[in-house]
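Only one structure is covered here, and it is reproduced in the block below.
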Amino acid sequence: AQSVAQPEDQVNVAEGNPLTVKCTYSVSGNPYLFWYVQYPNRGLQFLLKYITGDNLVKGSYGFEAEFNKSQTSFHLKKPSALVSDSALYFCAVRDRGSTLGRLYFGRGTQLTVWP
Amino acid sequence: DTAVSQTPKYLVTQMGNDKSIKCEQNLGHDTMYWYKQDSKKFLKIMFSYNNKELIINETVPNRFSPKSPDKAHLNLHINSLELGDSAVYFCASSQDEGLGVSNQPQHFGDGTRLSIL
């Protein structure tokens, strides 16, 4: 069975500090991994993805994520948080051999960056 | 030049009514999706179409019927609306390269907020 866990419902950080939003996954095969961000009253926006190769992937708005196969994790990171990063973040996974387009989403983590 | 557009943005209606939500994408993608986001922000896939063909049909009441007239459009019709149908419904699209080979991100519309009175 495929699943994604985001263990923290909320993450609070001060502006300028580094941030981490955690994600662990379970798939039967090798995963494609994604992070999306959702601002209030908007749809999800793609941030970055891991397909293959370098375990550290860089995405939009200065975000990056580290794929760790042994820990089945794909944590989202940013070296210096901005107040404008405050939003809801979703991790998602797709099994490479799965039915076309089937994404499994985590329950989301609300990030709040304090000025 | 909105990529994925949904109408209406807000839909307030009474229990028992029938309503439709429309979605259009101008990205040239061949796969489209409907998701339901509940009040706790949990996202659940409902349907997926690839080139007008239904490929994902999750456990959704048969009061919900998707229809794809062409690969740029995916509409959702809901019969006999119930209180539990209140949610935000998102349409999304992606370019997929064939069965089992799909690493492209999905592009989402801004949602239709459905409230049942």
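Quick check, is A:ALA65 of a type in the set (Gly, Ala, Ser) and within 14 Å of the chain's Cα centre (by Cα)?
For A:ALA65, the condition - of a type in the set (Gly, Ala, Ser) and within 14 Å of the chain's Cα centre (by Cα) - is met.
Checked against the criterion of being closer than 26 Å to B:VAL4 by Cβ and over 14 Å from the mean Cα position of the chain (by Cα), the range A:5-21 contains not a single residue that satisfies it. For the criterion of being outside any loop (DSSP other than H, G, I, E, B) and either surrounded by 12 or more Cβ atoms within 10 Å (Cβ to Cβ) or not polar (S, T, N, Q) (or both), B:LYS67 passes. Of the strands (runs of 3 or more DSSP E) entirely within the range B:2-49, those holding at least 2 residues that are closer than 15 Å to B:PRO69 by Cα and open to solvent by 10 Å² or more (accessible area, probe 1.4 Å) occupy B:19-25.
Within the range A:1-24, how many residues are part of a strand (DSSP E or B), surrounded by 20 or more Cβ atoms within 10 Å (Cβ to Cβ) and in contact with a Phe, Trp or Tyr (Cβ under 7 Å, 6 or more places away or on another chain)?
The qualifying residues number 2.
The residues listed here are A:THR112, A:THR72; of these, the one that is β-branched (Val, Ile, Thr) and at negative phi is A:THR112.
Give me the residue from the range B:50-64 that is assigned to a loop (DSSP other than H, G, I, E, B) and β-branched (Val, Ile, Thr) and, out of that set, farthest from the chain's Cα centre (by Cα). Give the steps one after another, and end with the answer.
Residues of the range B:50-64 assigned to a loop (DSSP other than H, G, I, E, B): B:51-52, B:58-63.
From the residues that got through so far, the ones that are β-branched (Val, Ile, Thr) too are B:59-60.
Details: B:THR59: 14, B:VAL60: 12 Å.
Looking at residues that are assigned to a loop (DSSP other than H, G, I, E, B) and β-branched (Val, Ile, Thr), I get B:THR59.
Among the residues of the range A:84-112, those identified as open to solvent by 50 Å² or more (accessible area, probe 1.4 Å) and of a type outside the set (S, T, N, Q) are A:ARG96, A:GLY97, A:TYR104, A:ARG107. Suppose we keep only residues that are free of Cβ contacts under 8 Å to residues at least 40 places away in the same chain and not in a loop (DSSP other than H, G, I, E, B) within the range B:71-98. Which one would you say is most open to solvent (accessible area, probe 1.4 Å)? The selected residue is B:GLY84.
Among residues of the range A:97-112 that are modelled with pLDDT of 85 or more, those with a beta-carbon under 9 Å from a residue that is open to solvent by 30 Å² or more (accessible area, probe 1.4 Å) and of a type in the set (Asp, Glu) at least six positions away or on a different chain give the pairs A:ARG107/A:ASP9; A:GLY108/A:ASP9; A:THR109/A:GLU8; A:THR109/A:ASP9; A:GLN110/A:GLU8; A:GLN110/A:ASP9. Among the residues of this structure, A:ALA81 counts as one that is assigned to a loop (DSSP other than H, G, I, E, B), in contact with a strand residue (DSSP E or B) (Cβ under 6 Å, 6 or more places away or on another chain) and open to solvent by less than 50 Å² (accessible area, probe 1.4 Å). Taking the criterion of being closer than 26 Å to B:SER39 by Cα, within 12 Å of another protein chain (Cβ to nearest Cβ), open to solvent by 20 Å² or more (accessible area, probe 1.4 Å) and in a strand (DSSP E or B), the residues of the range A:25-67 that qualify are A:GLN45, A:PHE46.
The values are calculated or read from the model by the stated rules, or taken from the named source; none is laboratory data. Please read these numbers as outputs of a predicted model, since none were measured by experiment. Using ideal geometry, Cβ is built from the backbone for each residue, glycine included, and neighbour counts are taken over all protein chains shown. For the accessible areas, the whole protein counts, side chains as well, though only heavy atoms, and no ligand, DNA or RNA atoms are used. Shrake-Rupley method; radii C 1.70, N 1.55, O 1.52, S 1.80 Å.
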